[in-house]
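The values are calculated or read from the model by the stated rules, or taken from the named source; none is laboratory data. Just so you know, these numbers come straight off a predicted model, no measurement behind them. Positions of Cβ are generated from backbone atoms using ideal geometry, with glycine treated the same way; all protein chains shown enter the neighbour counts. These area figures cover heavy atoms from the full protein model, side chains too; ligands, DNA and RNA do not enter into them. Shrake-Rupley method; radii C 1.70, N 1.55, O 1.52, S 1.80 Å.
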Amino acid sequence: MPSTSKKSGIPPALVPDSLALPGGLESEDLSFRQAIRVVRKRKYVVLWLALVCGFLALAVSIILRPYYSTTATIEIEKQQSDPMDSALGQLAGSLGGSDDTKTEIQTQVSVLQSDALAIRSMERTHYEDHQKHGWSLFGSSARLPQEKGLPLSEASAARESLLKQFSSHLTTTPILDTRLIQVTFEDPDPKFAASVTNALIDQFTEDRLSRRNSSTVQASEWMSGQIADLNKQVEAAQQRLIDYQKQSGLIVFPTSGSSSTQQGGSGAPSVSSPVLDRLGQLNKDLVIAREVRITREAIYRLAKSGDSDALANMAEAQIATTPGDTSSQSGMFSSLLALRQQQVALKLQLASALQTYGAKNPHLVDLDTQLGELDRQIKDEVQRIVNRAGLDYQMAQKTEDGLQKAYDAEEQEANKVNDSQIRLAVLQQEADSTRMLYQDLYTKLQESKLSVGTQSSNVSVISSALPPAKPAHPKKVLNTAIGLAGGLFLGVIMAFVLDTLDDSVVTSMQVEDLTGIPVLGSIPQFDYTSRLPGRKNHLPAEALASPSGAWITSQPNSQPAEAYRALRTTLLLSQPGSPPRTILVTSSLPKEGKSTTTYNLAACFAILGTRVLALDADLRKPSLHRLTRNSNDRGLSNLLTSSLDPADFIIQDPQVENLSVLPAGPTPPNPAELLGSVAFANLLDRLSREYDLVLIDSPPAMLVADSSIMSAMVDGVMVVLRSEATTRPALTRVAETFRRNKANLLGFVLNAVDTRSSEYYYSYGYYGGEYYGDKSNGKQKS
């Protein structure tokens, strides 16, 4: 492609520099300015979307049902109020590996959010009934017919729906670096929201206490089963004794403090033989061995469960019932109780040191080490107790089995001596011993239940939930602000999308970047009467008498008039010494201002004393005669179809000296053939000799071939573009059309430029309107 200056004939000093900035601060500034330009250009789109989004957000906030939020705070304590229970709780915690405060708090948060706890809380507060009577945007969610009357645990569809609603309104938040948890619940009813929050915490406390006592409860249930069996044995032994009394006719009076029986009523002698004495002693030993075996079996089962709390409670109960007992059985728990007391004392020291010296004191490290060592010792002691209890249980079982065998053998011997008396004494002793064993186990069961009831939960309620006075959401002001911000963001995006889709030409720099051909001038868009509202009646007579668009004659000091003068200067300097004598003025599409440009440019040259002819060669839709207010009854079409003298058709413009106009004349059937004929070429050659400058107004180049035909007959071609109307494809096509025809394309004229738009401002940096005068009021602006 040839260079711009060579193609157009314009000196290099007048050729605009190409817009090629280095990738530095200038290009970054240009990108920022381009972004500001796009937003400024589409500001009404941005503002409209912002207002719409803000209004929608406000409308939705008003429509939505208000929800009240209530919050309760609980504390997961590390120690219990009772020192002994606290030690047992800490021992269980150490054995379970949950000393980490953060892990423990997070675990309790997960428990608070569990479905099981939510279901029990909903049943406790009748949450489903509350939802049925409440207002819902999508209607009430009634149960399916097959689930009516079923509990939530069995109604899967209703349960899942309620759990989803309940979980969406429940929030549990642990407070950082504390053992506090905030439980928040939202509901349209503030009182119900507070009741659900408090019910959830109460249910959580009860469940936690129940889990802490589960091992003790299991041991108690086993002892209850043993007691039930003993009760049946007592009844059976007593019944056998009564039956044998009836059968033998003997009456036995039970003795207190002795296992021997005295028979009376029948006069039967007391059993005093060695066999009976040995039998009585074996019976005592067997009862004791059986009691020891049952006791040690209970201890072994309880120790094997690993619940140190229940094990310690049983040890304390045994020591309390036998305070002076120093046997090995009681001493088995002494080490465990001593270690627990040391642990409690050491934790008190640790809490005191933490409060006194702070968390980073070296002394605390030593105390933590000692506490860890105590935890390990307690764990080892529990395991030792399990092993010792197992051995004791085995030994007790073997002892009982041996005594039972000895008792059975001795009983056979006693039967031979006095079967009836021995049998009666045995039945009496069996009934008494079974009753005593039953009473002993029943007492221990009650003590175990009492220990369960005295344990307390480590959950403390710091502040209960109270009904709030104001709803938590929707927040109208915040939602409206978010809607406005979102609308602004969408508006900016829409502005860039519209700018990307907009392929119109706006500034001269865009024209030069697309074609490489300079813009000779920019004609501003200017409506004089609209710019001076209410002053139309004060315009001068020549302004009212001149046709619209004749700026040179009607408003010589206006912005368009100055722009046409600048265009005239550019054309005069385009070829120094020999400016073009015939210039074809055309456009890419209709209504881009080619006729107005032709007339005003001709008037500008005529004012300098140049003999100018404005030739209307648009034989299809002529308009140049309207600017001069002349008739179009005869003109160019008549000259090309006859041999008449052109002087008879040329009209002198009465407002501008040295300006002549040749109208187009009647529309012929073949405009292209006439303009491409030898007659038009000869006419144009003659007129160029008679006038200093001939400006030809031609049809749009993109619609008909008239302009392309005439471009080869003239010295230069000037294309008029309309800002924000001419598209980029049309611009590139018209430029390529004249290049292919090898026409001397002088350049483009950008018409109807909005100097008040953001495009013009960011391209040239100022509006420029303050430099033009206002002839209507007789003042000239400097």
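Structure values in brief
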| item | result |
| --- | --- |
| Residues located in the range 691-728, provided they are free of Cβ contacts under 8 Å to residues at least 60 places away in the same chain and not hydrophobic (A, V, I, L, M, F, W, C) | Ser708 |
| Long-range neighbours under 9 Å by Cβ, at least six apart or interchain, first residue part of a strand (DSSP E or B) within the range 159-172, second of a type in the set (Phe, Trp, Tyr) | Leu170/Phe185; Thr171/Phe185 |
| Per-region count, the range 581-620, residues surrounded by fewer than 21 Cβ atoms within 10 Å (Cβ to Cβ) and assigned to a loop (DSSP other than H, G, I, E, B) | 9 |
| Residue check for Pro474: open to solvent by less than 60 Å² (accessible area, probe 1.4 Å), of a type outside the set (Asp, Glu), touching a strand residue (DSSP E or B) at 6+ places or on another chain (Cβ under 6 Å) and touching a residue at least 12 places away in the same chain (Cβ under 8 Å) | no |
| Residue in the range 563-574 that is basic (Lys, Arg) and in contact with a Leu (Cβ under 9 Å, 6 or more places away or on another chain) present | yes |
| Candidate set: the range 162-196, residues that are small (Gly, Ala, Ser) and in contact with a helix residue (DSSP H, G or I) (Cβ under 9 Å, 6 or more places away or on another chain); chosen: the one surrounded by the most Cβ atoms within 10 Å (Cβ to Cβ) | Ala193 |
| Some residue of the range 321-334 being within 57 Å of the chain's Cα centre (by Cα), in a helix (DSSP H, G or I), modelled with pLDDT of 70 or more and small (Gly, Ala, Ser) | no |
| Residue list for the range 709-721, restricted to those being touching a Pro at 6+ places or on another chain (Cβ under 6 Å) and either charged (D, E, K, R) or open to solvent by 20 Å² or more (accessible area, probe 1.4 Å) (or both) | Asp715 |
| Residue in the range 413-426 that is among the charged types (D, E, K, R), assigned to a helix (DSSP H, G or I) and at pLDDT 85 or above present | no |
| Meets criteria (of a type outside the set (Gly, Ala, Ser) and without any contact (Cβ under 8 Å) to a residue 12 or more places away in the chain) for Leu613 | no |
| Pairs, first under 16 Å from Tyr300 (Cα atoms) in the range 213-231, second at pLDDT 75 or above, C-beta under 6 Å, six or more apart | Ala219/Leu302 |
| Qualifying residue in the range 544-554 (condition: more than 18 Å from Arg626 (Cβ to Cβ), buried (at least 18 other Cβ atoms within 10 Å of the Cβ) and modelled with pLDDT under 90) | no |
| Which numbered condition Leu250 fails, given (1) open to solvent by 40 Å² or more (accessible area, probe 1.4 Å); (2) modelled with pLDDT under 80 | (1) |
| Answer from Leu478, Leu498 - the residue that is under 30 Å from Arg42 (Cβ atoms), of a type in the set (A, V, I, L, M) and at pLDDT below 80 | Leu498 |
| Pair list, Cβ under 6 Å, 6 or more apart: the range 653-664 residue modelled with pLDDT under 85, other residue aliphatic (A, V, I, L, M) | none |
| Residue under evaluation Met223, criteria (1) aliphatic (A, V, I, L, M); (2) open to solvent by less than 50 Å² (accessible area, probe 1.4 Å); (3) modelled with pLDDT of 75 or more; (4) more than 30 Å from Arg65 (Cα to Cα), criterion not met | (3) |
| Residue identified as touching a helix residue (DSSP H, G or I) at 6+ places or on another chain (Cβ under 9 Å), in a helix (DSSP H, G or I) and at pLDDT below 70 among Leu230, Leu311, Leu276, Leu282 | Leu276 |
| Subset of the range 463-474 [at pLDDT below 85 and not small (Gly, Ala, Ser)] | Lys470, Pro471, His473, Pro474 |
| Check on Leu572, free of Cβ contacts under 8 Å to residues at least 12 places away in the same chain, surrounded by fewer than 23 Cβ atoms within 10 Å (Cβ to Cβ) and not polar (S, T, N, Q) | yes |
| Meets criteria (modelled with pLDDT under 90, basic (Lys, Arg) and on the phi < 0 side of the Ramachandran plot) for Arg611 | no |
| Scan of the range 186-200 for residues that are touching a strand residue (DSSP E or B) at 6+ places or on another chain (Cβ under 6 Å) and either in a helix (DSSP H, G or I) or modelled with pLDDT of 90 or more (or both), ordered by number | Pro190, Ala193, Ala194, Val196, Thr197 |
| Qualifying residue in the range 486-502 (condition: assigned to a loop (DSSP other than H, G, I, E, B), touching a helix residue (DSSP H, G or I) at 6+ places or on another chain (Cβ under 6 Å) and under 30 Å from Ala725 (Cα atoms)) | no |
| Single condition Ala406 does not satisfy, out of (1) over 60 Å from the mean Cα position of the chain (by Cα); (2) at pLDDT below 80; (3) closer than 29 Å to Glu291 by Cβ | (2) |
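Listed here are the residues, each with its yes/no results for (1) of a type in the set (Ser, Thr, Tyr); (2) modelled with pLDDT of 75 or more.
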{"position": "Gln429", "(1), (2)": "no, yes"}
{"position": "Ser433", "(1), (2)": "yes, yes"}
{"position": "Gln439", "(1), (2)": "no, yes"}
{"position": "Tyr442", "(1), (2)": "yes, yes"}
{"position": "Glu447", "(1), (2)": "no, no"}
{"position": "Thr454", "(1), (2)": "yes, no"}
{"position": "Val459", "(1), (2)": "no, yes"}
